[in-house]
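Q: Before anything else, here's the structure in question.
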Amino acid sequence: MPIGCSFRFAASQDATEGRCSRTAQNNAAATIHSVAMRIPDGVAANCRKSPERIAWLEGLPALVQELEGRWEPTSDAPLNGEDPRCSYVEAVRRQDGTSAVLKISMPHMEQEDEADGLHFWNGDPTVRLLESDNALHTMLLERCQPGTTLRALDESEQDIVISGLLRRLWRPLPTLHRFRPLSALRRVLEQPDAGGSRAVA
């Protein structure tokens, strides 16, 4: 399901200035335009699994700066919840004052169709995709309110939420689309993790 990460991710900022870890250290920090960005432990750990992800982490400060110039988001109060493990996520506000979330995904299989999926469902029952750049794995997303994570519920309640969500997600695909069948995802998940090609959200 291409939207999984968008429902679960939350992020926070670290007030301590620092610099982006070039060895993907835990809690690495970088300062851009006097705003500190914190790299959560899970993201740093996943970046250690491949040179491609380490390169992504090293380029993250410059990419955030590029997006600041393109989409003009401003940092907002940190989100509450669990830290992400395969993306950099930050609460922001758009130029018109509306709340949003900036998400930059590390290279991994599950994020390949995420923006396409959000565009396809167009806010029902997902968050809306406000801006995106597939080449850079970046998205500006509608802020999900109140943003309660599924894991905060009992397992029996989780089942009810998931089954209801699946019914709302199910709809015919257009004739031309780029989505992969679930069988492709299953084949990947059944394989041993080779060099960190899989990421856990």
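Read-outs: derived from the displayed coordinates by stated rules, not from any lab. Nothing here was measured: the structure is a model prediction, and the numbers come from that model. Cβ placement follows ideal geometry from the backbone for every residue including glycine, while neighbour counts extend to all protein chains displayed.
Q: When all alpha-carbon pairs of the stretch 76-201 are counted, what percent fall beyond 24 Å? Don't skip to the end; give the middle numbers.
A: Working: 2904 of 7875 pairs.
The answer is 37 percent, as a whole percent.
Q: State to the nearest 20 debye the size of the charge dipole of the stretch 47-159 about its Cα centre, where the only charges are +1 on K and R beta carbons and -1 on D and E beta carbons. Before the final figure, lay out each step's value.
A: Values: 11 positive and 23 negative charges, 76 e Å.
It works out to roughly 360 debye.
Q: Related question: How high is the FRET efficiency from Gln65 to Gln191, r the C-beta distance, R0 41 Å, rounded to 0.05?
A: Details: r = 37 Å, r/R0 = 0.89.
Step by step, r from the Cβ atoms, then E = 0.65.
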